[in-house]
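The values are calculated or read from the model by the stated rules, or taken from the named source; none is laboratory data. Owing to the predicted nature of the structure, the values given are computational and were not obtained by experimental measurement. Glycine gets a Cβ as well: all are built from the backbone with ideal geometry, and neighbour counts include every protein chain shown. The accessibility values were calculated without ligands, DNA or RNA, using every heavy atom of the protein model including side chains. Shrake-Rupley method; radii C 1.70, N 1.55, O 1.52, S 1.80 Å.
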Amino acid sequence: MSPVFPMLTVLSMFYYMCLRRRARTATRGEMNSRRAIESNTRALPINVEIVQYAKEVLDFSSHYGSENSMSYTMWNLAGIPNVYPSSGDFTQTAVFRTYGTWWDHCPSARLPFQRTPPTFCSQDYVELAFEEPVYPTAVQILETYHPGAVVRILACSANPYSQNPPAEVRWEILWSEAPTKVNGPQARQFTPCIKQINFPTNLIRLEVNSSLLDYYTELDAVVLHGVKERPVLSLKTAMIDMNDIDEDEDEEKYGCGMDTLNKQFSIVTLREWPTNGYFDKLPYELIQLILSHLTVPDLCRLAQTCKLLYQHCCDPLQYIHLSLQPYWARINDTSLEYLQSRCTLIQWLNLSWTGNRGAISVSGFSRFLKVCGSELVRLELSCGHFLNETCLEVITETCPNLQELNLSSCDKIPPQAFNHIAKVGNLKRLILYRTKVEQTALLSILNFCSELQHLSLGSCVMIEDYDLIASMMGAKCKKLRSLDLWRCKNITESGIAELASGCQLLEELDLGWCPTLQSSTGCFTNLARKLPNLQKLFLTANRSVCDTDIEELAANCTHLRQLDILGTRMVSPASLRKLLESCKDLSLLDVSFCSQIDNRVVLELNASFPNVFIKKSFTQ
């Protein structure tokens, strides 16, 4: 047979596939045409574009504002714009908790997980619900101050307003890009070119990375453009999109479906090769070192090549430190089950952002920890909304060596559940930011966890008496190095005195937005004199901070690196100059909205102290 015939056969099959695809498209097009003819009185086309603002904020990882207010909170993203097109610092916008790299250079900074894929750089997120499910054609983000933080936009197949949840929740990446530095803090309308998806959505997720920003990014509103019916190819279209023919390949490349990762975990069928090539000649330890640079999906793919590499890729030593946060959209009970045999020696585990909307069950999480929890030292569970009291009880029972526990923004855990944490006596780091921990449970934790070095209680609104908490810290937590009391509403000079007397190793203290502290009581002077090791001190929005306090810091806290006195009216340029001359390591000084520090003063100080980032925010 001539070699031309097989080629003709292949071309014929391809032509047949194209005809079938065009036939399906034509059928849909003819139906739409008939509808358009029958409804001849309509002025607009059938698939008219729908434009809608976010109806509701469903979930987020952090925000600058208070839980009992609207200022600087994520809830400002719901509805029409409040500020745009104006630029500047406005309380009516949505602001995340951090910016820049300052938080990576303070005593409370955590070591990163080494196997994080380079494509995952998200630090925070917010999820928005819209009224009508649509096939997205555009997403517009109205940024009003220091834009450029958004790095990823995703769409979800689940309708948050549906009474019947889907059997599988799919997330698709509409757009992603590495963090970029935007010139200037001015407002902009950000409309990236998004990918078309094959399901309607009314749930959009924004992920941000603020590491390149000079100040907090502020978002005003999000606009979703879309159509009710899936866009199809026109009958007059001459070219057929090859990606439309092979949808599975496209989904595997860009999708966030859970099946993709689970298949990689579960595949055990290996190709039969006569030898393992030159890998047989390499020492076991050297192969392990090489594989330690691979991400988890890459390990799963490599395990399918030969028996030797399968053995290496399943070795528990490859999973001593494991971060599943980059794959949050694909992790479920099945994923954890497949990983159990590989994670028997795991010491660091990051499950932050995973398991929501039923992906991980309490029983699935419990089974995993009962097999893999005995060696755990660090457990990251930020924004894990599947967690309940049973989960915390399992953690305390199965993780006897646990030293670090992150429950940041786990706001679904009931207050009484936090009592179980007191059983983990070796804890050195505990993050309870935006949780419902109550006073009784926290007192018990402080009493029994005397090894604590890092404690975050920011935005914990259910604690009634922070003076009592501070007194217990001073008595029991002598090794405390960092303490976050951001937006604690009722601590007074009495609690500060107890804290400063008992926790003299403190290097980092966040008292931002604590309105009950007054400089006239001497509380800040006492801090400066009792805590000479301070490297970071945030007194954000305390309008009573005065020159005396700044001069005491200059005299006693010469290791100071970061100071935030945003909003004070009582600090003069002269005292700031003394501070800058005394604290040679100072790298961040926020004097935004300080009435005596105008732009001219900032320019003069910047010229004299070029190594210090002096921030002066503004509102137009």
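Per-residue answers, yes or no, for (1) open to solvent by less than 50 Å² (accessible area, probe 1.4 Å); (2) in a loop (DSSP other than H, G, I, E, B):
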{"position": "100", "(1), (2)": "yes, yes"}
{"position": "104", "(1), (2)": "no, no"}
{"position": "126", "(1), (2)": "yes, no"}
{"position": "130", "(1), (2)": "yes, no"}
{"position": "136", "(1), (2)": "yes, no"}
{"position": "139", "(1), (2)": "yes, no"}
{"position": "142", "(1), (2)": "yes, no"}
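Please verify whether segment 175-191 includes one or more residues that are of a type in the set (Asp, Glu) and in contact with a helix residue (DSSP H, G or I) (Cβ under 8 Å, 6 or more places away or on another chain). Checked against the condition, which is being of a type in the set (Asp, Glu) and in contact with a helix residue (DSSP H, G or I) (Cβ under 8 Å, 6 or more places away or on another chain), segment 175-191 yields no hits at all.
Within segment 555-570, the set of residues being modelled with pLDDT of 95 or more and either among the charged types (D, E, K, R) or open to solvent by 10 Å² or more (accessible area, probe 1.4 Å) (or both) comprises 555, 556, 558, 559, 561, 564, 566, 570.
If the condition is being in contact with a His (Cβ under 8 Å, 6 or more places away or on another chain), in a helix (DSSP H, G or I) and crowded, with 22+ Cβ neighbours inside 10 Å, then segment 379-427 contributes 392, 395. Restrict the check to segment 29-51 and report whether at least one residue is at pLDDT 95 or above and surrounded by 20 or more Cβ atoms within 10 Å (Cβ to Cβ). No, every residue in segment 29-51 fails to be at pLDDT 95 or above and surrounded by 20 or more Cβ atoms within 10 Å (Cβ to Cβ). Suppose the filter is in contact with a Cys (Cβ under 9 Å, 6 or more places away or on another chain), at pLDDT 95 or above and of a type outside the set (Phe, Trp, Tyr); does residue 516 pass it? So residue 516 fits the description; yes. Residues in segment 152-169: is at least one touching an Asp or Glu at 6+ places or on another chain (Cβ under 9 Å), open to solvent by 10 Å² or more (accessible area, probe 1.4 Å) and modelled with pLDDT under 95? Among the residues of segment 152-169, at least one is touching an Asp or Glu at 6+ places or on another chain (Cβ under 9 Å), open to solvent by 10 Å² or more (accessible area, probe 1.4 Å) and modelled with pLDDT under 95, which makes the answer yes. Every condition in (1) open to solvent by 20 Å² or more (accessible area, probe 1.4 Å); (2) touching a Cys at 6+ places or on another chain (Cβ under 6 Å) holds for residue 534 except the one numbered (1).
Remark: pairs (first residue in segment 88-108, small (Gly, Ala, Ser); second residue assigned to a helix (DSSP H, G or I) and at pLDDT 95 or above; Cβ separation under 9 Å; 6+ apart in sequence or on different chains) = 94/74; 94/75; 94/76; 94/77.
The residue that is farthest from residue 485 (Cα to Cα), counting only those in segment 91-128 that are touching a His at 6+ places or on another chain (Cβ under 9 Å) and among the aromatic types (Phe, Trp, Tyr), is 113.
For segment 437-451, a residue qualifies if it is open to solvent by 60 Å² or more (accessible area, probe 1.4 Å), closer than 21 Å to residue 67 by Cβ and part of a helix (DSSP H, G or I), and exactly one does: 440.
For segment 333-363, the candidate set comprises residues that are among the small types (Gly, Ala, Ser) and surrounded by fewer than 18 Cβ atoms within 10 Å (Cβ to Cβ); within that set, the residue that is modelled with the lowest pLDDT is 358.
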